[in-house]
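Asker: Here's a structure for you.
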Amino acid sequence: MKEKLMSLKNKWIICRGPHADDSLIVASVNKELFTMHHGVQAKLPGSDDVEYSLRARGYIVGRREVDILHRGQAIGHVTRMMSGEAIFLDKQSYKVDLAPGYDHAFILCMVIIMDEYFHEGRR
């Protein structure tokens, strides 16, 4: 994952391997704008439509529950596990419940990017 800094808005690139060559890009991820909740959305290369989105629900301040959507349809959710380690050492753990046929690693990349977007000020 790499953050693209030369853009009007922050954009993250998820790629296979250590480099963001065009042939290795899996998706670009941005913050969802103009919504009442925290969220990120991903577009796949060659597509102008949002393919995947993550939206926070429930406990808003800590965003413990996140819905996973594929083209607007719910395909699972992510729970951020709270523990002493998470609070004092800033180490996060996640539980991912995802429909069969979807990539857990890709969804976890989006969750990490979402945390980066919404926790920028705390570091």
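Asker: Between M81 and K43, what is the FRET efficiency for a Förster distance of 25 Å, r being their Cβ-Cβ separation, to the nearest 0.05?
Answerer: 0.30
Asker: Taking the full set of protein chains and a 1.4 angstrom probe, give the accessible area of H19 in square angstrom, rounded to the nearest 10.
Answerer: 110 Å²
Asker: Any aspartates and glutamates with Cα under 16 Å of the K11 Cα? List them, leaving off those in the same chain fewer than 8 positions away.
Answerer: E3, D21, D22, E32, D48, D49, E51, D115, E116, E120
Asker: A further question follows. Calculate, for H104 and N10, the FRET efficiency according to 1/(1 + (r/R0)^6) with r their C-beta to C-beta distance and R0 22 Å; round to the nearest 0.05.
Answerer: 0.35
The values are calculated or read from the model by the stated rules, or taken from the named source; none is laboratory data. From a predicted model like this one, the values you see are computed outputs, not experimental measurements. All Cβ positions, glycine included, derive from the backbone under ideal geometry; neighbour counts span all protein chains shown. Protein only, heavy atoms only, side chains kept; ligands, DNA and RNA dropped before computing areas. Shrake-Rupley method; radii C 1.70, N 1.55, O 1.52, S 1.80 Å.
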